[in-house]
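Before I ask anything, let me first share the structure, which is written out below as structure tokens.
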């Protein structure tokens, strides 16, 4: 399987107002599309909740060519307990650091790396270089591993992601050199996903999804949601399969053909997000 494409990482967010400020005014991302749902997702896209929820895609460019962030908001949920599963998302954008300073948003440091903390406690490591215009500023998503060799056997051996870099405590994988990468970091202890756990998504051709299904079943791996078609009101229907790696990290493989239709930038989405934030009384 060599035709995969890295798409996005899903965060559960409890405060849409502050979250929107962080992604738009600090990171400098754009709202690409916003969708509202009246009840829970069949593939648990919004977590184990049956309530009304929304999905907001934000990024530095169109989903066709950029790795983006999916912000999932469950109406009425005001806090998510964080585990040790999400290490951080890395972007190249010295501009973000300047905007943070101008807005009094704390710039922190860890192991010599500067980072900004999104509402909810999610870390965004920032490479202090000008934001590239000829490629995606998103460099990688870093997730925790309790056993690096097991993780490599799954992601590289079973899912066929290529290894780009490897050290005793971490590995960087991906489907293509020009795409955002997945970094797995050995934390030397069990991975606790708590309540704030996210999900990483990739696309593959429609015809390759059954092959993934068969490989995972043959390896007795975990399939959280077997192949299923999901509807988005007024937009394309996509087929997905949801997996879990040895540490429980959720992985979505969506069919590329339908997803490219679904993920077209919606110019009205920025105003829509503001409208729904303003009318939301569920946090009161």
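Among the residues of the stretch 150-157, is there at least one that is in a loop (DSSP other than H, G, I, E, B) and touching a residue at least 12 places away in the same chain (Cβ under 8 Å)?
No, the stretch 150-157 contains no residue that is in a loop (DSSP other than H, G, I, E, B) and touching a residue at least 12 places away in the same chain (Cβ under 8 Å).
Just name the residue that is surrounded by the most Cβ atoms within 10 Å (Cβ to Cβ) out of those in the stretch 216-245 that are in contact (Cβ under 8 Å) with a residue 24 or more places away in the chain and out of contact with any strand residue (DSSP E or B) (no Cβ under 8 Å at 6 or more places or on another chain).
Looking at the filtered set, the residue picked out is 236.
In the stretch 78-98, how many residues are assigned to a strand (DSSP E or B) and under 14 Å from residue 180 (Cβ atoms)?
Going through the stretch 78-98 one residue at a time, the tally reaches 5.
Being closer than 25 Å to residue 214 by Cα and in contact with a strand residue (DSSP E or B) (Cβ under 8 Å, 6 or more places away or on another chain) is the filter here; which residues of the stretch 107-166 pass it?
Matches in the stretch 107-166: 145, 147, 148, 151, 152, 155, 156, 159, 161, 162, 163.
Between a first residue in the stretch 255-277 that is within 13 Å of residue 54 (Cα to Cα) and a second residue that is in a helix (DSSP H, G or I) and at pLDDT below 95, which pairs have beta carbons less than 8 Å apart while being 6 or more apart in sequence or on different chains?
none
May I pose another question? Restricting attention to the stretch 113-144, and to residues there that are in a strand (DSSP E or B) and in contact with a helix residue (DSSP H, G or I) (Cβ under 6 Å, 6 or more places away or on another chain), which single residue is surrounded by the most Cβ atoms within 10 Å (Cβ to Cβ)?
126
What residue, among those in the stretch 176-202 that are assigned to a loop (DSSP other than H, G, I, E, B), over 16 Å from the mean Cα position of the chain (by Cα) and modelled with pLDDT of 95 or more, is nearest to residue 49 (Cα to Cα)?
194
The values are calculated or read from the model by the stated rules, or taken from the named source; none is laboratory data. Since the structure is predicted, the reported quantities are computational estimates derived from the model, not experimental observations. Cβ coordinates were reconstructed from backbone atoms using ideal geometry, including for glycine residues, and neighbour counts include every protein chain displayed.
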